[in-house]
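Taking it in order: structure first as structure tokens, then the write-up.
The values are calculated or read from the model by the stated rules, or taken from the named source; none is laboratory data. Note that the coordinates shown come from a computational prediction; the quantities given were computed from them, not determined experimentally. In this analysis, Cβ positions are derived from the backbone assuming ideal geometry, glycine residues included, and neighbour counts consider all displayed protein chains. Ligands, DNA and RNA are excluded from the accessible area calculation, which covers all protein heavy atoms including side chains. Shrake-Rupley method; radii C 1.70, N 1.55, O 1.52, S 1.80 Å.
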Amino acid sequence: MAFVPSERLHLGAEAEVWAGTWMGQDAVRKLRRPRKWRHPDLDNRLGYRRMMSESRLLIRLKRCGLNVPAVWDLDPKSGRMILERMPGLPLIEILRNGEISQEFIDKTLRNTGALIRRLHREAITHGDLSTNNILVDENGKPSLIDFGLAAIDYEIERFGIDLHVIDEILGASHPEQNGAIDLLLEGYASEELRLGEPPEQSGGAVPTATQVLKRLEDVRSRVRYHG
Ligand SMILES: Nc1ncnc2c1ncn2[C@@H]1O[C@H](COP(=O)(O)OP(=O)(O)OP(=O)(O)O)[C@@H](O)[C@H]1O
Ligand SMILES: [Mg+2]
């Protein structure tokens, strides 16, 4: 692979991510890290399946025009993937940076909600919607990364859970930004108003924004009730 690494961006439990160039373009290389506690055969199979699924969904979403990284190269056997490097900072850093205007933050949160709705309209749930997996460029335009836990879905529950994950994170990790989730959900709902009813997908009908927002309320009250 013609990847020229420059700096390591991330070393997590599952993946090591390097920034660099690929064919002269800004790229990242995502390397799957072996999980020592898992049997190597099982670990290889799981890792292979995850990387195949992540790249397949990214390619599909890119084709639909969503702001996600292009997949430029893939070697699932050795657990390596070359992706387009998305510009900007993780949403977590935008929310924590005291010098960024509230106007920019509000716009970013609405845009993020709209992007999540566009993802859901393609019958795809993300599975790990944390403020680390949303990158924001200088114009407040978000992109989504890290589709290792994403899936094609028609069941409303996983759509509701996607919103609940970001709801909990915004509430717990960014309490100073109160009302953040409301702006995000406003963006989620307005995107549907703008685009109309979600189109039928190959596997059937996708839940509407109104249905998913209702399910989020159900998940919230379940969590409140059961602790
Ligand atoms: N396409 C990309 N463009 C820019 N930065 C990226 C890209 N992909 C990953 N990164 C950076 O690397 C970090 C980790 O990547 P990613 O979220 O895909 O891995 P992960 O599956 O969460 O890994 P782990 O579970 O080990 O933490 C991201 O939070 C982001 O900072
Ligand atoms: Mg991640």
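Values for this structure:
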| item | result |
| --- | --- |
| Qualifying positions in region 138-152 - within 11 Å of ligand 2 (Cβ to nearest atom) and not in a loop (DSSP other than H, G, I, E, B) | LEU144 |
| Identity of the residue in region 20-33, in contact (Cβ under 8 Å) with a residue 24 or more places away in the chain and over 14 Å from MET81 (Cβ atoms), that ends up nearest to ligand 2 (Cβ to nearest atom) | ASP26 |
| Residue within region 97-112 that is assigned by TED's automatic domain parsing to the domain that holds GLY171 and within 16 Å of ligand 2 (Cβ to nearest atom) present | yes |
| So LEU144, is it modelled with pLDDT of 95 or more and open to solvent by less than 20 Å² (accessible area, probe 1.4 Å) | yes |
| In region 53-89, residue farthest from the chain's Cα centre (by Cα) [restricted to those that are more than 20 Å from TRP22 (Cα to Cα) and among the aliphatic types (A, V, I, L, M)] | LEU89 |
| Residue, nearest to LEU193 (Cα to Cα), within region 121-137, restricted to residues that are more than 14 Å from ligand 1 (Cβ to nearest atom) and part of a loop (DSSP other than H, G, I, E, B) | GLU122 |
| Sole residue being open to solvent by 70 Å² or more (accessible area, probe 1.4 Å), within 16 Å of ligand 2 (Cβ to nearest atom) and in a helix (DSSP H, G or I), chosen from ARG50, ARG45 | ARG50 |
| Per-region count, region 53-95, residues among the hydroxyl-bearing types (Ser, Thr, Tyr) and either open to solvent by 70 Å² or more (accessible area, probe 1.4 Å) or in contact with a Phe, Trp or Tyr (Cβ under 9 Å, 6 or more places away or on another chain) (or both) | 2 |
| Qualifying residue in region 74-84 (condition: touching a residue at least 12 places away in the same chain (Cβ under 8 Å), in contact with an Asp or Glu (Cβ under 8 Å, 6 or more places away or on another chain) and of a type in the set (A, V, I, L, M, F, W, C)) | yes |
| Region 188-227 - residue that is in a loop (DSSP other than H, G, I, E, B) and open to solvent by 40 Å² or more (accessible area, probe 1.4 Å) and, of those, modelled with the lowest pLDDT | GLY227 |
